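Take a look at the structure below.
The values are calculated or read from the model by the stated rules, or taken from the named source; none is laboratory data. In this text, all values refer to a predicted model and were calculated from it rather than measured experimentally. Quick reminder, even Gly has a Cβ in these numbers, built from the backbone with ideal geometry, and neighbours come from all protein chains shown. Accessible surface is based on the protein model in full, side chains and every heavy atom, while ligands, DNA and RNA are left aside. Shrake-Rupley method; radii C 1.70, N 1.55, O 1.52, S 1.80 Å.
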Amino acid sequence: MSNVPTAAIPSSEEILARAARLTPTLRERSTATNHARRVPRESIDEMIDAGLFKLLQPKRYGGTEHDLETFSRTAIQLGRGCGSAGWVFSVLSIHQWMMGLFADEAQHDVWGKDRNVLVASAFRPSGKVAREPGGWRISGSWGFASGIDNSGWIIVGAFMGMTGTPPHPDVKMVLIPLADGRIEDNWHVMGLAGTGSKVFVCENAFVPDHRVLDFAAAKEAQTPGRAVNTGPLFRLPAFACFPLCLASPGLGAALGALDRFLE
């Protein structure tokens with residue numbers, strides 16, 4: 001899988017300019033976004049066309065592997081136009097980075113045919129799992145999956161039992177195609193109504209071993225994806241990235257509220 005040529009990678013200034021150009025449109029759609037209880041597909045497509053979801057995606061699969069500051073400032077900028085759109089951009093983007101931590105075979109499953117596919121998440125360990133040859137059989141429901149309507153896959157948390165000495169919980173992150181389950185439309189809230197943070201449900205889905213990522217390994221930056229994604233972005237521990245992902249769109253929404261007040 002070849003890397004993106006350096007000349008094809010936009011600068012941080014260009015990325016932020018693209019985000020700024022989208023901000024007024026996101027603002028115009030913000031009321032409709034909240035009423036729809038999800039970010040419109042047209043807004044997602046505009047972010048894709050602007051290359052914004054590529055910021056943290058591995059170069060081997062069409063990404064640009066920008067720095068976390070550029071990512072954060074982009075999320076802040078989009079959040080100024082629409083808090084829900086900024087939130088969905090931010091969390092779906094961090095999942096593009098997370099996919100780079102999985103084994104290469106899992107990355108190929110997601111991006112082998114379409115490099116624009118997005119991945120949702122619901123990390124709270126839940127569901128029932130059973131070991132099978134070559135993988136796991138999993139059933140359950142997972143809530144607060146922001147942006148799931150605009151995604152093709154989801155990463156869910158799963159409790160695999162106890163392990164080690166002394167025994168401690170064995171928590172994995174499991175990658176499942178949305179086609180193997182269903183979305184439960186339960187997102188009726190006041191704040192961030194447009195994030196579409198709904199419930200994912202699956203019953204007896206089979207997950208091969210290469211689509212399972214150890215939570216402790218991600219926390220310690222010791223993941224199989226490092227073997228193929230050698231850039232510094234994929235040497236970072238998970239908790240160095242997650243807080244930035246969650247804080248940035250909130251700051252953007254606050255700045256957007258200030259913009260409206262001053263006007």
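Quick notes on this structure:
Yes or no, residue by residue, for (1) under 21 Å from Ala8 (Cβ atoms); (2) in contact with a strand residue (DSSP E or B) (Cβ under 9 Å, 6 or more places away or on another chain); (3) part of a loop (DSSP other than H, G, I, E, B):
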site: Ser72; (1), (2), (3): no, no, no
site: Gly79; (1), (2), (3): no, no, no
site: Trp97; (1), (2), (3): yes, no, no
site: Ala130; (1), (2), (3): no, yes, no
site: Trp142; (1), (2), (3): no, yes, no
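- For the range 153-183, the tally of residues that are outside any strand (DSSP E or B), open to solvent by less than 60 Å² (accessible area, probe 1.4 Å) and over 19 Å from His210 (Cβ atoms) stands at 1.
- Condition met for Ala205 (touching a Cys at 6+ places or on another chain (Cβ under 9 Å), surrounded by 15 or more Cβ atoms within 10 Å (Cβ to Cβ), in contact (Cβ under 8 Å) with a residue 24 or more places away in the chain and not hydroxyl-bearing (Ser, Thr, Tyr)): no
- Checking the range 70-90 against the condition returns no match, with no residue being over 22 Å from Arg226 (Cβ atoms) and modelled with pLDDT under 95.
- Of all residues in the range 46-70 being open to solvent by 40 Å² or more (accessible area, probe 1.4 Å), assigned to a helix (DSSP H, G or I) and out of contact with any Gly (no Cβ under 8 Å at 6 or more places or on another chain), the one that is farthest from Phe234 (Cα to Cα): Glu46
- Restricted to the range 15-34, and to residues there that are of a type in the set (Gly, Ala, Ser) and surrounded by fewer than 16 Cβ atoms within 10 Å (Cβ to Cβ), the residue that is farthest from Gly51 (Cα to Cα) is Ala32.
- For Val199: the one exception among (1) surrounded by fewer than 19 Cβ atoms within 10 Å (Cβ to Cβ); (2) within 17 Å of the chain's Cα centre (by Cα); (3) of a type in the set (A, V, I, L, M, F, W, C); (4) under 18 Å from Val117 (Cβ atoms): (4)
- Residue pairs meeting the criteria (Cβ under 7 Å; at least 6 apart or on separate chains; first in contact (Cβ under 8 Å) with a residue 40 or more places away in the chain, in the range 39-52; second surrounded by fewer than 17 Cβ atoms within 10 Å (Cβ to Cβ)): Ile48/Asn116
- When restricted to residues that are free of Cβ contacts under 8 Å to residues at least 12 places away in the same chain and open to solvent by less than 60 Å² (accessible area, probe 1.4 Å), the range 226-239 contains 0.
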